[in-house]
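Peer 1: This is the structure I have questions about; it appears just below.
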Amino acid sequence: MSFEPADLVDHLDALHRYALGMTRDPDLADDLVHDVVVRAIERRDQYRHDAPLRHWLMRMLHNLTVDRARRSQRELLVDEVEERWHDDHYTVESDAVIARASSREELQDALARLPFAARAAVLLHDVEQYRVIEIAELQQISLPAAKQRLRRGRMALVTALAEGEARRTLTKGVPMRCWDARQHVSDYMNGDLDAEIAAGVEAHLAACPTCPPLYAALVGVSDQLGTLRDPDSVINPSVADHLRSLLQPGPSGR
C-alpha cells in the first residue's frame with residue numbers, strides 16, 4: 001500500500017526547513033522540496049512502510065541536495081577544526097559564542113560554513129530531532145560514521161561562531177550583509193533589481209572590503225563569455241534542415 005498525495009502536506013515544513021538549512025537559498029530550497037514532492041508522487045508505489053513517510057521523504061531530499069551540493073571556499077575543514085580541538089590550549093569565549101548563536105542570522109551564517117556532511121548531521125539531529133541511528137540510515141553510512149559527523153559538525157559550528165567576531169569586525173558598519181548583497185548581484189548586473197535593493201547593493205559594494213573584487217570578477221567573466229558569441233559558428237546546414245523537418249507539424253497539425 002502506498003500513500004495519498006495529500007499525506008505529503010504534513011511534511012512540507014520539515015522538508016523546507018532542512019532544505020533551507022542546507023542551502024541557505026530560499027529559491028533553491030523551494031525547488032528541492034518541489035522536486036521531492038514530484039518524485040514522491042511518481043514513486044509512491046515504491047514506498048514500503050518499512051520507515052515513517054517523513055524519513056523516506058527526507059532521504060529523498062538529502063540525496064537531491066547531495067546531487068546539487070558544491071564545495072564552498074567558506075567551508076571550514078573539519079580535520080583542521082578537530083586538530084584545534086585536540087590542542088589543550090584551544091578554547092573560545094563561550095559567552096560570545098552563545099550570544100552569536102542566539103542571533104538567527106549569525107547561526108545560519110556559521111552553519112553555512114560547515115562542510116555538507118557535517119552540516120546535514122547537525123541539522124538532522126539538533127533541529128529535526130533525528131536519532132543518530134536514523135541519520136546513519138538516511139545518509140547510508142555506519143553508525144560510528146554518523147556519530148563522527150555529528151561530533152565534528154558541532155565542533156566546527158562552535159569554531160565558526162567563535163571566528164564570527166573577527167569576520168564581523170571587517171564588515172562593521174557596512175550596509176547589508178555580504179550574502180544578502182551577493183545573492184542580488186546577478187540581478188543587479190542585469191538591471192533587474194528595484195531601486196531600493198539596488199541602492200543597498202551599491203552602498204554595500206562601496207563599503208565592504210571583500211565584495212567589490214567578487215563583483216568585478218563577475219562582471220569581467222561575464223564580459224569574456226560574450227566573446228564566445230562567434231558569428232561564424234553556425235549549425236551544419238544539413239543538421240539544421242533535418243531538425244526543421246522534425247519540428248514541422250504533420251498532417252494532423254501535431
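The values are calculated or read from the model by the stated rules, or taken from the named source; none is laboratory data. Fair warning: this is a prediction, and the values are worked out from it, not measured in the lab. Please note: Cβ atoms are built from the backbone with ideal geometry, for glycine as well, and neighbour counts cover all protein chains shown.
Peer 1: Which residue out of 64, 28 is in contact with a Lys or Arg (Cβ under 9 Å, 6 or more places away or on another chain) and either without any contact (Cβ under 8 Å) to a residue 12 or more places away in the chain or surrounded by fewer than 16 Cβ atoms within 10 Å (Cβ to Cβ) (or both)?
Peer 2: Step by step, each of 64, 28 is checked, and only 28 is in contact with a Lys or Arg (Cβ under 9 Å, 6 or more places away or on another chain) and either without any contact (Cβ under 8 Å) to a residue 12 or more places away in the chain or surrounded by fewer than 16 Cβ atoms within 10 Å (Cβ to Cβ) (or both).
Peer 1: Here's a follow-up. Let me spell it out: the conditions are (1) more than 20 Å from the chain's Cα centre (by Cα); (2) at pLDDT 90 or above, and residue 140 meets all of them except one. Which number is the exception?
Peer 2: (2)
Peer 1: Is it the case that some residue within the stretch 92-104 is over 17 Å from residue 55 (Cα atoms), buried (at least 20 other Cβ atoms within 10 Å of the Cβ), without any contact (Cβ under 8 Å) to a residue 40 or more places away in the chain and not assigned by TED's automatic domain parsing to the domain that holds residue 19?
Peer 2: There is no residue in the stretch 92-104 that is over 17 Å from residue 55 (Cα atoms), buried (at least 20 other Cβ atoms within 10 Å of the Cβ), without any contact (Cβ under 8 Å) to a residue 40 or more places away in the chain and not assigned by TED's automatic domain parsing to the domain that holds residue 19.
Peer 1: Still on this model: Regarding the stretch 173-186, can at least one residue be identified that is touching an Asp or Glu at 6+ places or on another chain (Cβ under 6 Å), assigned to a loop (DSSP other than H, G, I, E, B) and either at pLDDT 85 or above or assigned by TED's automatic domain parsing to the domain that holds residue 27 (or both)?
Peer 2: Scanning the stretch 173-186 turns up no residue that is touching an Asp or Glu at 6+ places or on another chain (Cβ under 6 Å), assigned to a loop (DSSP other than H, G, I, E, B) and either at pLDDT 85 or above or assigned by TED's automatic domain parsing to the domain that holds residue 27 (or both).
Peer 1: I'd like the full set of residues that are in a loop (DSSP other than H, G, I, E, B) and in contact (Cβ under 8 Å) with a residue 12 or more places away in the chain, limited to the stretch 1-11.
Peer 2: Matches in the stretch 1-11: 1, 2, 3.
Peer 1: Kindly check whether there is at least one residue in the stretch 201-212 that is over 22 Å from residue 25 (Cβ atoms), assigned to a loop (DSSP other than H, G, I, E, B) and not basic (Lys, Arg).
Peer 2: Yes, there is a match, as at least one residue in the stretch 201-212 is over 22 Å from residue 25 (Cβ atoms), assigned to a loop (DSSP other than H, G, I, E, B) and not basic (Lys, Arg).
Peer 1: Follow-up question, since we're still on this one. Residues that are of a type in the set (Asp, Glu): find the helices (runs of 4 or more DSSP H) completely inside the stretch 12-99 holding 3 or more of those.
Peer 2: 26-42, 78-86
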